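Where a number appears in this text, it was derived from the coordinates with a stated rule and is not lab data. In this text the structure is predicted, and so the values were computed from the model without any measurement. FYI the Cβ positions are ideal-geometry reconstructions off the backbone, even for glycines, and counts take in every protein chain you see.
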Amino acid sequence: MDIDRYRAETPGTRAVVHLNNAGSALPPQPVLDAVIEHLTLEAAIGGYEAAERNAATLDHAYDAVARLLNCAREEVALVESATMGWDMAFYALRFGPGDRILTSMAEYASNVIPFLQVARRTGAVVEVIPDDEDGQLDVAALERMLDDRVRLIAVTHVPTNGGLVNPAAAIGRIARAAGVPYLLDACQAAGQMPLDVEELGCDFLSATGRKFLRAPRGTGFLYVRKPWLERLEPPFLDLHGAELVAPDRYALRPDARRFELWECNVAARIGLGVAVDYALSVGLDAIRDRVRGLAGLLRDRLATLPGVTVRDRGRERCAIVTFTVEGRAAASVKAALRAQGINVSVSVASSTRFDMDARGLSEVVRASPHYYNTEEELDRLVAAVRSLP
């Protein structure tokens with residue numbers, strides 16, 4: 001990989017050591033240029049007029065995401081966030097008393113809260129699939145839990161609070177064989193590894209743009225497998241997702257854009273398309289190998305420091321590295337690193353309650369390198385942690 005080129009095309013690398021890509025990555029210059037160009041056009045000729053002029057550029061974002069996921073463009077909806085996409089799919093499903101929702105130990109709080117809300121409203125039950133000895137979802141346990149009352153398998157591919165990669169494709173094979181819909185939260189996976197929905201076997205996939213895809217904040221997408229488009233009505237609609245064909249009748253769009261709303265940030269969505277193109281030009285296989293290599297080095301180097309415990313689990317690990325420092329609150333570690341120009345984040349128990357409670361953790365420091373980071377930047381982080389008072 002031409003790291004020098006990618007760093008030169010990433011203005012932020014000249015200002016900070018950015019190891020918070022699992023939060024929001026630094027955008028490359030082409031993304032920045034595309035967003036600013038459209039905003040400038042809006043200011044010059046008007047928002048509606050700018051959207052009309054750049055309609056083809058905006059429309060290209062659907063093709064870019066379809067290439068990223070190996071799906072048809074008709075199966076792609078552009079949304080404001082991974083959570084919005086996930087919610088639009090989940091709340092379109094129907095549950096009743098005794099229906100079972102199966103999820104993972106690593107499930108994100110923004111998913112668990114809707115599970116609980118729907119369970120309270122409908123009488124459905126939420127059940128957590130246990131982890132195996134490596135800390136990833138136990139596929140054999142999932143198989144044993146299946147029966148004719150299971151209405152959904154919903155799993156987070158990569159958790160917010162650790163480096164493990166759940167066996168999403170193996171889960172997909174089980175779901176497909178059982179005829180159970182499968183909703184995959186790929187928020188942390190998109191942009192740091194290849195995602196092929198045919199290989200993954202998911203019926204729905206949600207992801208954000210701002211993390212490893214390096215797109216603007218306020219962007220995301222939802223994949224809906226075509227057979228489900230004919231079965232699901234979004235939980236709420238407007239004149240974009242449906243057409244008022246008579247005073248007392250509406251017709252849904254035939255494609256996944258029924259899960260969108262009309263008003264959106266056009267500049268940001270254009271930026272999303274450019275960011276996906278950029279990631280595809282770098283190559284998702286190459287990105288995966290690079291980020292996992294950097295994360296592995298960081299884990300090894302942090303593990304040598306007195307009082308530092310690396311908290312990542314899983315047979316397969318990715319670009320998220322979590323750790324604790326004995327006697328130091330995670331927020332204070334983050335602040336000390338920020339003072340030295342190093343960006344990291346903190347994951348707290350409430351964001352992944354099942355997993356964190358089971359491990360007796362209240363918080364972890366989260367560092368997440370991307371392909372544009374360097375080993376020297378990892379060394380700066382390690383040295384800064386070593387020098388904490």
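Have a look at the DSSP beta bridges in the chain and tell me what percent are antiparallel, nearest 5. In the chain, approximately 55 percent of DSSP beta bridges are antiparallel ones. Extending 7 Å from the Cα toward the beta-carbon at both Glu74 and Gln29 defines two label points whose distance is 4.1 nm. Here Glu127 and Trp262 are evaluated by their C-beta separation; at R0 = 45 Å the FRET efficiency comes out at 0.75. Of the complete DSSP H runs in the chain, those spanning 27 angstrom or more by Cα along the long axis with a mean Kyte-Doolittle score not below -0.5 are 284-303. In the chain, a dipole from Cβ-located charges (positive for Lys and Arg, negative for Asp and Glu) runs towards its positive end, and of Thr122, Ile342, Ala50 it is Ile342 whose Cα lies farthest in that direction. Placing unit charges on each Cβ (+1 for Lys and Arg, -1 for Asp and Glu) gives the chain a dipole about its Cα centre, and among Val165, Ala189, Val364 the Cα reaching farthest toward its positive end belongs to Val364. Note on the chain: GNM, Cα springs under 10 Å; of Asp285, Asp63, Asp255, the largest mean-square fluctuation is that of Asp285. Across the chain, the relative contact order, built from alpha-carbon pairs under 8 Å that are at least six residues apart, equals 23 percent.
Loop-located GluC sites (Glu not before Pro) in segment 168-261 (DSSP state not H, G, I, E or B) with no more than 10 neighbouring Cβ atoms inside 10 Å: Glu230. Within the shell defined by Cβ-Cβ distances under 14 Å, the residues around Arg301 carry a net charge of -3, with Lys and Arg each +1 and Asp and Glu each -1. Of the trypsin sites (Lys or Arg not before Pro) found in segment 144-209, those in coil by DSSP whose Cβ has at most 15 other Cβ atoms within 10 Å are Arg149. Note on segment 1-86: the alpha carbon radius of gyration divided by the globular reference 2.2 N^0.38 Å gives 1.33.
Kindly state, as a whole number, the per residue volume in cubic angstrom of the convex hull around the alpha carbon atoms of the chain. All intermediate terms of the calculation are to be shown ahead of the outcome.
Numbers: hull volume 55.0 nm³, N = 389.
For the chain, the hull spanned by Cα atoms encloses 141 Å³ per residue.
When the alpha carbon gyration tensor of segment 176-287 is reduced to an equivalent ellipsoid, its three semi-axes come out at 28, 20, 10 angstrom, largest first. For segment 181-256, averaging the sequence separation of C-alpha pairs within contact (under 8 Å, six or more residues apart) and dividing by the residue count gives a relative contact order of 22 percent. Here the calculated FRET efficiency for Ala178 and Asp248, from their Cβ-Cβ distance with R0 = 41 Å, stands at 0.55, rounded to the nearest 0.05. For segment 123-138, the residues whose amide N sits under 20 Å from a probe point set 7 Å from the Cα of Arg315 along the beta carbon direction are 129-138.
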